[in-house]
């Protein structure tokens, strides 16, 4: 399994992630989710009535995207496969709820249940697209700031 680089581990302490799944029409579906990191995996607590759970049961391919809100040029992307396990007793939901000071039981209707979804990365992309002096291409360094900038 690929490892999350030390340069981006701090993003695992963030509050939100974007979960991408593949919908029944073959198009991506994105949702903001709460998460807990455990090593190089990310785990979510999801209500089984939601479309994202249905999508993952049909196709476990998933993407978790963590954006550095302070420096939006930095992000961490975990592409992988979802493992779905029942959380009927809310044991994982309680762990996740503790991080967010929330009781996830209050978000579910009677008769609904939750699952723990663990994303096992098969590929990790850690990016930092800031232009620091060591990353500025030579052609731009020569202009000493007088050249027109172009998107990279």
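Only Cα pairs under 8 Å and 6+ residues apart enter the sum, and on that basis the relative contact order of the range 6-141 stands at 27 percent.
A Förster distance of 30 Å, applied to the separation of the beta-carbon atoms of residue 85 and residue 131, puts the FRET efficiency at 0.10. Sort the chain into rounded, prolate or oblate with this rule: let a ≥ b ≥ c be the square roots of the eigenvalues of the Cα gyration tensor; rounded if a/c is under 1.5, and if a/c is not under 1.5, prolate when a/b is larger than b/c, oblate otherwise. It comes out prolate by the Cα gyration axes.
Over all alpha-carbon pairs in the range 73-124, figure out the percentage whose distance exceeds 13 Å. The calculated P(r) of the range 73-124 puts 66 percent of pairs beyond 13 Å.
Shown for 8, 120, 109: other C-beta atoms within 10 Å of each C-beta, ranked fewest to most, produce the order 109, 120, 8.
Values in this text are rule-based calculations from the coordinates and carry no lab data. Computed from a predicted model, the values in this text were never measured in an experiment. We place every Cβ from the backbone using ideal geometry, glycine too, and count neighbours over all the protein chains shown.
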